[in-house]
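Worksheet: one structure, shown below.
Taken together, the values in this text are just the output of simple stated rules run on the coordinates, not laboratory data. All of these numbers come straight from a predicted model, not from anything done at the bench. As a convention, Cβ positions derive from the backbone with ideal geometry for all residues, glycine included, and neighbour counts pool all protein chains shown.
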Amino acid sequence: MHPNCSSEQHAALSAYARGAMEFCWRLAVMVPLTFPTIAYAQDASAPPPPTAQSIPATQSIPATQANSPPEPTITPSLEAASFAAAFEGAVEPLAAQLVDIDPLMPVDAVNLDSFEPPRGARVIRSLGLGVASYYGRRFHGRLTANGERFDMNAMTAAHKTLPFGTYVRVINPVNGRMVTVRINDRGPFIQGREIDLSRGAAERIGMIQSGHLRVQLDIVAP
């Protein structure tokens, strides 16, 4: 929808467009069947066109003047004129509402000047709030529960129950920073903690100094 156009204004414009189409259709049907009245304008003060008798034998009549009839004046049919007048009278009160409205724009159109596309990954399921911790150098290079080598700088995490390969978005509610990690290990095995981040992921959301933090967890699409 146009940013300056309400649904009522758009409905009025649609009615206006339909009326205009009907008017054009009626004229297209009416004009071939209703022949206009052709009246030849005669100016009493103008001299009559020259004839062969009024022109000396030594002077010739121009071909265009001799063969062309007088310019006709076309008078529209009464029915077409009355219909046009009635149509204009019906639309005139809507003129103030139809300013800056595009008749070709659908009602549910999105204004790209003000539309802000969704940011971040698509959330599949929210896990709510939980305490996150991290592990790093001491486990770097060791095998994880799914058989990979643990890389403390990679965006991975350990969770007790989520399937391997699940992507989880972790949001720090204190500073608003977030990171998306892939589950490739099991843990943490400390009471009250929900997820164990790699050191690299913990740095992304600013929780290195605190060591653990209450965060928002969401399962997201890859």
Local net charge near Phe139, Cβ-Cβ under 15 Å (Lys/Arg +1, Asp/Glu -1): +2
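Extension gain Arg186-Ala121, at 0.36 nm per residue separation less the Cα-Cα distance, in nm?
On the way: separation 65, 0.36 × 65 = 23.40 nm, distance 2.36 nm.
Length gained between Arg186 and Ala121: 21.0 nm.
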³J(HN,Hα), Karplus 6.51/-1.76/1.60, whole Hz, each residue of the stretch 194-209, x for Gly, Pro: 9, 8, 10, 8, 5, 4, x, 5, 5, 5, 4, 9, x, 10, 5, 5
For Gly187, residues with placed amide H under 5 Å, excluding near neighbours: His159, Lys160
